[in-house]
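Everything below concerns the one structure shown next.
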Amino acid sequence: MKEETHPVFQSILQRYREKSAQSLVQHQRAGNRLPGGDTRSATHFSPYPLYMQRGRGCRLTDLDGNHYLDLLNNYSSLVHGHAHPRVMESTRQELERGTVFGAPSEMQILHAEHLCSRVSTLDQLRYCNSGTEATMFALRAARAFSGRERVIKIDGGYHGTHDYVEVSVHASADPERMHQPRLNSRGVPRSVLSEVDVVPFNSLDAVEEILKRNQEQTAALIVEPMLGAGGVVTPARGYLKGLRELTQHYGVLLIFDEVISFRMHHGGMQEMEGLRPDLTAFGKIIGGGLAVGAFGGRQEIMKLFDPDQPESISHSGTFNGNHLTMAAGLTTLELYDPDEIERLNGMGKKIRDGISEAFSRKGFRAQATGIGSVIGLHWTEDEIMNAGDVVRAQEQCGQLPKLLHLELINRGIFSSSRGLLILSTPMAEAEVEQVLTTFDETLETLQPFVQDCNPHLYTC
């Protein structure tokens, strides 16, 4: 039986359409002026995305009045959920003073002082408006400082959408292609392939091989301490330390992309692992729900952006370091103290372990991965060591990720269509139990579909 004609597939799709009629109306209307109905590829899913009307705490309400527990949190940018009273109040106070002034603000200094106090590798930093900009300028700084052009990135690593990181974003399950730079987007010039080397995550041997070959041409290696969009792949013991040792040995800068992983620890994963990258890119939670990015590190590198220095790197942006974002971000970071981080990470572990147990109990060959409050779902029992392993699992599970995503929505949990779950601090034990109960019920619904259409993923 074809997956699309299976009764479970049809039932889940029908119930989704019945509960989200107003979202369909708006999606069709949006398509008249917005290609695909939106301006953000990540939020699109089939048959059409939900339109949300309101968010409070860890809950969302859509246009049809349906309520959801939010396990997406804007792809991890919201660590305190929606409309936290103190974040709203600090932002409201700044808004009363005006929107943006075209001049430096004290709030930018306060935010920078706080962030530098949390992350010991930050001597200085600069603000921008997205993680894309943050990694773009971190790489530019590395090239300017080193006088070299080449960079190393991870197969399946996501660092935004500027040309030099739009390489091998969609990982390959082919072990040979994991080492080959590939364009993943039309419009990116092929010339970038000559300046980017690619290695699989968790492979120190692959990194050293490239460094031996291209040491004198390589400016930096950029890496997410835990792969995010590439499948929530965790680093093997000693991997990140090994990257630091190799880059130091070969005289290459190490850039940590902590746009997602910063939420794992008071000082990000670098502090959790006791490591000192040369540069770090930030985003997401440091803006308190508003658009933000930042990059920083060693003073001798960051001083290249000082306009009073000869041949400085120009770096401007209309909304860089604006006082609204800085106020929202500062309040968010102050609230996100070590106790809250430990509590949130603990809930994440309980959900991650509970989901893996539910998969096993229901007879599914599947697992949950992640660290702290970030969880990834994979339809395989095989060890997930790199983004290629993630792709290999995706290639054998057909429509299961789509059905799991839609059925969770049908049962009141909003998450990512790619199997990414993100927690927020308004959650408590009641929400943890809701997630685990709902997940168990969802798997029960999917059981006949898996038995009939994906028997290789069913053990009973």
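Observations
- Along segment 166-178 the Karplus relation, 6.51 cos²θ - 1.76 cosθ + 1.60 evaluated at θ = phi - 60°, assigns HN-Hα couplings of 7, 10, 6, 6, 7, 5, 10, 7, 7, x, 6, 5, 4 Hz to successive residues, with x for each Gly and Pro.
- Paramagnetic reach from THR5 in segment 390-430 [backbone N under 18 Å; point 7 Å along Cα→Cβ]: 399
- Taking the average, over residues, of other Cβ atoms within 10 Å as the packing measure, peptides 213-223, 303-313, 90-100, 448-458 rank 213-223, 448-458, 90-100, 303-313 from highest down.
- Shape category assigned to segment 309-375 from the gyration tensor of Cα positions, a/c cut at 1.5: prolate
- Across segment 82-99, the residues whose backbone nitrogen lies under 19 Å from the label position 7 Å along the beta-carbon direction of GLU113 are 90-91, 94.
- Note on segment 187-340: dipole from Cβ charges, positive end direction compared against GLY297, PHE201, ILE255; the farthest Cα belongs to PHE201.
- Loop trypsin sites (Lys or Arg not before Pro), segment 381-445, which have at most 13 other Cβ atoms in a 10 Å radius of their Cβ (DSSP): none
- You can think of it this way: the chain between GLN451 and ARG17 has 153.8 nm of extra reach, that is 0.36 nm per residue less the Cα-Cα gap.
- Computed across segment 14-156, the Kirkwood hydrodynamic radius from all distinct Cα-Cα pairs reaches 19.4 Å.
- Residue ranges 277-287, 10-20 sort as 277-287, 10-20 when ordered by packing (mean number of other C-beta atoms within 10 Å per residue, highest first).
- Only Lys, Arg (+1) and Asp, Glu (-1) charged, at Cβ; segment 85-335 dipole about Cα centre in debye: 280
- Ordering PHE449, THR39, ALA393 by Cα displacement along the dipole of the chain toward the positive end leaves THR39 in first place; charges were set at the Cβ atoms of Lys, Arg (+1) and Asp, Glu (-1).
- GLY321 long-range amide H proximity, modeled H, under 5 Å: CYS128
- Shown in residue order for segment 340-354 are the 3J(HN,Hα) couplings computed by the Karplus curve 6.51 cos²θ - 1.76 cosθ + 1.60 at θ = phi - 60°: 5, 4, 4, 5, 5, 4, x, 5, x, 5, 4, 5, 4, 5, x Hz (x for Gly and Pro).
- Here the 3J(HN,Hα) profile of segment 196-201, calculated from phi with Karplus coefficients 6.51, -1.76 and 1.60 at θ = phi - 60°, is 10, 9, 10, 9, x, 4 Hz, Gly and Pro shown as x.
- DSSP beta bridges in the chain [antiparallel fraction, %, rounded to 5]: 65
- Distant-in-sequence amide H partners of ASP197 (H built 1.01 Å from N, under 5 Å): VAL151, ILE152, LYS153
- Cα centroid of segment 337-404 to Cα centroid of segment 82-161, whole Å: 30
- Euclidean distance of C-alpha centroids, segment 263-295 and segment 3-46, integer Å: 34
- Taking max minus min of the alpha-carbon positions on each principal axis, the chain gives extents of 68, 56, 46 Å, largest first.
- Charging the Cβ of each Asp and Glu at -1 and of each Lys and Arg at +1, and nothing else, the dipole of segment 228-275 about its Cα centre rounds to 120 debye.
- Every Cα-Cα pair in segment 85-335 was counted, and those over 34 Å apart are 16% of them.
- Segment 367-425: Rg to Rh, with Rh as the Kirkwood radius over Cα pairs: 0.97
- Per-residue [θ]222 nm for the chain (sum of -39500 (n - 2.57) over DSSP H runs n ≥ 4, rounded to 500): -12500 deg cm²/dmol
Coordinate-derived values only; no laboratory data. Just so you know, these numbers come straight off a predicted model, no measurement behind them. Note that each Cβ is placed from the backbone with ideal geometry, even for glycine, and that neighbours are counted across all protein chains shown.
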